[in-house]
Structure formats: structure tokens, C-alpha cells
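A.B. asks: One structure, as C-alpha cells, below. Some questions next.
The values are calculated or read from the model by the stated rules, or taken from the named source; none is laboratory data. Here the structure is a predicted model, which means the values were calculated and not measured. In this analysis, Cβ positions are derived from the backbone assuming ideal geometry, glycine residues included, and neighbour counts consider all displayed protein chains.
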Amino acid sequence: MSDAPLLEVRDLSIRFGAVTAVSSVGFSVAKGEVFGIVGESGAGKSAAARGIIGLLPPSARLGGSVRFRGEELVGASQARLRSVRGSEIGYVFQDALTALDPVRTIGAQLVEVLRVHRKVRPREALAAAAELLAELQIADPERTLRSYPHQLSGGMRQRAVIAAALIADPALIIADEVTSALDVTVQRKVLDLLLGVCAARGAGVILITHDLGVVAQTCDRVAVLYGGIVAEEADVFALFDRPMHPYTRALLQSMPRIGDSAPFRPIPGSAIQIFGELRACPFADRCDRVTPACRSALPPVQRTGKSTHRCLHPLAVPA
């Protein structure tokens, strides 16, 4: 991997009216790296991902910096953002039925995506689409290209959405909860196909999920989001072995484990919604280590080796 990050996000903030979805989020992704973003629903994962590529509604207020290959995307023109989307950064949406046009064939949609970003003839684009579907282990690519979304299974539709994100050969793929709408029997296969194709092309991946099991098996590094901030970021092994933030520990303890007799430990309370500027630790009301200081100021980013956390009372690190 190159030392220069493929994507560098700094102090990203996103507001929808009075609601603050993201507060001062920062992370970087290297070429070929699988970077996980994990957290409960409402943590700010999808808002941050959409903010990176300018897919927020006009009412949203976006601040901070998003540099892709050194180019600043915050404040870029809509024409430039449309050019980046698909050709340089691909986005795999969670709901394939919403992402696909129901009245056009899969082939027509894939050809259109490729021809928007690459100067190829329709026949060449159709051949490239068939080749990519075969790479995604679709047994009859030609038949799939002639099919409409409603004629495909959920797993096949999701592969078609993945193909649309990959067909212009972007350097970075953002995969937003790509398996959550699928049957559990096909989730792992679809995810393995996505990551395998990205690895073969040397593409970086931002994998957004609420499933820590997926993170453990697929990611190189991971950011844990809560209340619109990065509560903790670490190498995936360090995160699971030595979590620093109480929220990370609570997430890990809430995971069911096969063969483990320890009782299930859900996180007490509900995820917080932030109104206005975040001025305290968002996890304070659910934390067993909370002190008055946690409610009086937002903890600064603290670095321990290659890991970071935002907690005034981090968990002890084993010697």
C-alpha cells in the first residue's frame, strides 16, 4: 500500500436542520484497504458515507474536508461530484430494489453507467457488463442482462448493484450495509464476492455495517461511530483484543457467541439523537464509567499507538 491515503476525511460534520448527524469525524483509507465503519442505527454511518460523495439532500449542511487522491471534494461542483461518483468512487446501496430502475433491464442500466464514465461503444459496454457479472459468479450473465430487477432474486439483484458500482473500475468502493436485506444463507457469499473482486482490482473498500462479526472477518481497520463521532478507531485485531472506548466494549459484549455460557448483555438505553452542537460525550447516559466531566465537554481525540479514541476514562490496556 502507498503511504499517501486514497481517501482522507477530516473534521466532517453534517447537519439536517437542528439535527446533527455527524460531528468532527475523521479517518483515512489506503489503496487496497478494507476499512470498516460500525455502529448502531442512527450512529451517523450512512450520513458520513453519503457526505463523502455528495449524495446528501440540498437541505443538509456539510463541513470539514474530504480529500480523494489529494483533491478536495467538499465544495466541489455538482458536475465534478457526478464525475467522481461511479468512475472513481463506487457506491453500493443497501436496498437493491430502490437502487435499480424497475422498468429497465439490468443490461441497459449497466451499459448506461459505463458509457457515462468511459468512452466505449454500446456493444463493448454490454460485453464488459457480461464479463463482470460472470466475475460475480452469476451463472447465466446474458440472461441476467436481459432481465428486469423484479425477475431476479434478492441475492442476484444485490450482485447487479455491486456490478453497477464496479463497472467503471473505481479506486474506492463504499458498501453501505450491502447484505442486511439478504437472506442469511446468501449474505456471506455476496460479501465475499464483493471483497474478492475489489481485491483483484486493488480497490479500497469502506464497509459500513452494524455486524461486528463481518468486521472481524473482513476488515483491516475499523472506526466505531456513536452519536455522530468516531468513538474509537483501531486495527481490527487491537479493537477486538483491547477495546479502549466503553461503547466499543459494550458492542463486543452484546455479540452472541456460539458455545459461550456468559449471559447476553444488551447495551442499556437507546441510541442518542444530537440536536445542535455536540458539547459532551454522546455515550455518557449509557456508560458505566461516566463522571461529571463527561457531561461538561466533548472528549478530545486521544492517540494510543496506531489507535485513537474519544474517552476521558478509557479502558485499561493489558500490559
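A.B. asks: Pull up region 165-192, narrow it to residues that are within 22 Å of Gly44 (Cα to Cα) and of a type in the set (D, E, K, R), then point me to the one that is modelled with the highest pLDDT.
C.D. replies: Filtering first and then ranking leaves Asp176.
A.B. asks: Quickly run through region 225-254 and pick out the residues that are under 15 Å from Ser28 (Cα atoms) and charged (D, E, K, R).
C.D. replies: Glu232, Glu233, Asp235 - these are the residues of region 225-254 that are under 15 Å from Ser28 (Cα atoms) and charged (D, E, K, R).
A.B. asks: One residue is enough: does region 53-63 have a residue meeting the conditions of a type outside the set (Val, Ile, Thr) and under 24 Å from Ser307 (Cβ atoms)?
C.D. replies: Within region 53-63, not a single residue is of a type outside the set (Val, Ile, Thr) and under 24 Å from Ser307 (Cβ atoms).
A.B. asks: I'd like to know if region 124-132 contains one or more residues that are crowded, with 23+ Cβ neighbours inside 10 Å, under 28 Å from Lys45 (Cα atoms) and in contact with a Pro (Cβ under 8 Å, 6 or more places away or on another chain).
C.D. replies: no
A.B. asks: Which one of these is surrounded by 17 or more Cβ atoms within 10 Å (Cβ to Cβ), among the aliphatic types (A, V, I, L, M) and either under 24 Å from Ser41 (Cβ atoms) or at pLDDT 95 or above (or both): Ala271, Ala284?
C.D. replies: Values: Ala271 fails: surrounded by 17 or more Cβ atoms within 10 Å (Cβ to Cβ).
Going through Ala271, Ala284 in turn, the sole match is Ala284.
A.B. asks: With Ile173, Ile229 as the choices, which residue is in contact with a Cys (Cβ under 7 Å, 6 or more places away or on another chain), under 19 Å from Val9 (Cβ atoms) and of a type in the set (Val, Ile, Thr)?
C.D. replies: Values: Ile229 fails: in contact with a Cys (Cβ under 7 Å, 6 or more places away or on another chain).
Sole residue among the options that is in contact with a Cys (Cβ under 7 Å, 6 or more places away or on another chain), under 19 Å from Val9 (Cβ atoms) and of a type in the set (Val, Ile, Thr): Ile173.
A.B. asks: Against the definition (touching a helix residue (DSSP H, G or I) at 6+ places or on another chain (Cβ under 6 Å), in a loop (DSSP other than H, G, I, E, B) and under 29 Å from Pro5 (Cβ atoms)), how does Ala164 come out, yes or no?
C.D. replies: Details: touching a helix residue (DSSP H, G or I) at 6+ places or on another chain (Cβ under 6 Å): yes; in a loop (DSSP other than H, G, I, E, B): no; under 29 Å from Pro5 (Cβ atoms): yes.
Answer is no for this residue.
A.B. asks: If you check Val205, Val161, Val184, which single one turns out to be of a type in the set (Val, Ile, Thr) and without any contact (Cβ under 8 Å) to a residue 24 or more places away in the chain?
C.D. replies: Val184
A.B. asks: Mind counting the residues in region 36-55 that are closer than 12 Å to Ile208 by Cβ and of a type outside the set (Ser, Thr, Tyr)?
C.D. replies: Looking only at that region, the number is 12.
A.B. asks: Show the residue pairs that are 6+ apart or on different chains and have beta-carbon atoms under 7 Å apart, the first residue being within region 119-148 and within 16 Å of Val161 (Cα to Cα), the second being among the polar types (S, T, N, Q).
C.D. replies: Leu133/Thr144; Ile138/Thr144; Leu145/Thr105; Arg146/Thr105; Ser147/Thr105; Tyr148/Thr105
A.B. asks: Also: Could you check region 142-168 and list, in sequence order, the residues that are surrounded by fewer than 19 Cβ atoms within 10 Å (Cβ to Cβ), closer than 13 Å to Ala108 by Cα and not basic (Lys, Arg)?
C.D. replies: Glu142, Ser147, Tyr148
A.B. asks: Does Leu195 qualify as being touching a helix residue (DSSP H, G or I) at 6+ places or on another chain (Cβ under 9 Å), in contact (Cβ under 8 Å) with a residue 40 or more places away in the chain and more than 30 Å from Ala280 (Cα to Cα)?
C.D. replies: Here the answer is yes, as Leu195 does meet what is asked.
A.B. asks: Could you check Asp169 against (1) under 15 Å from the mean Cα position of the chain (by Cα); (2) not in a helix (DSSP H, G or I) and say which number it fails?
C.D. replies: (1)
A.B. asks: Could you tell me whether Thr209 is of a type in the set (S, T, N, Q), crowded, with 20+ Cβ neighbours inside 10 Å and under 13 Å from the mean Cα position of the chain (by Cα)?
C.D. replies: Yes.
A.B. asks: If a residue has to be surrounded by fewer than 23 Cβ atoms within 10 Å (Cβ to Cβ) and among the β-branched types (Val, Ile, Thr) to count, how many in region 216-231 make the cut?
C.D. replies: Residues that pass the stated criteria total 1.
A.B. asks: Going through region 200-210 one residue at a time, which ones are hydrophobic (A, V, I, L, M, F, W, C) and more than 28 Å from Leu251 (Cα to Cα)?
C.D. replies: Those that are hydrophobic (A, V, I, L, M, F, W, C) and more than 28 Å from Leu251 (Cα to Cα): Ala200, Ala203.
A.B. asks: To continue, here is another question. Anything in region 213-254 that is part of a strand (DSSP E or B) and either modelled with pLDDT under 90 or under 15 Å from Glu33 (Cβ atoms) (or both)? List them, or say none.
C.D. replies: Arg221, Val222, Ala223, Glu233, Ala234, Asp235
A.B. asks: Being over 28 Å from the mean Cα position of the chain (by Cα) and either in a loop (DSSP other than H, G, I, E, B) or not hydrophobic (A, V, I, L, M, F, W, C) (or both) narrows it down to one of Arg279, Arg289, Arg303, so name that one. So that I can check it myself, show each step before the final result.
C.D. replies: Details: Arg279 fails: over 28 Å from the mean Cα position of the chain (by Cα); Arg303 fails: over 28 Å from the mean Cα position of the chain (by Cα).
The unique qualifying residue is Arg289.
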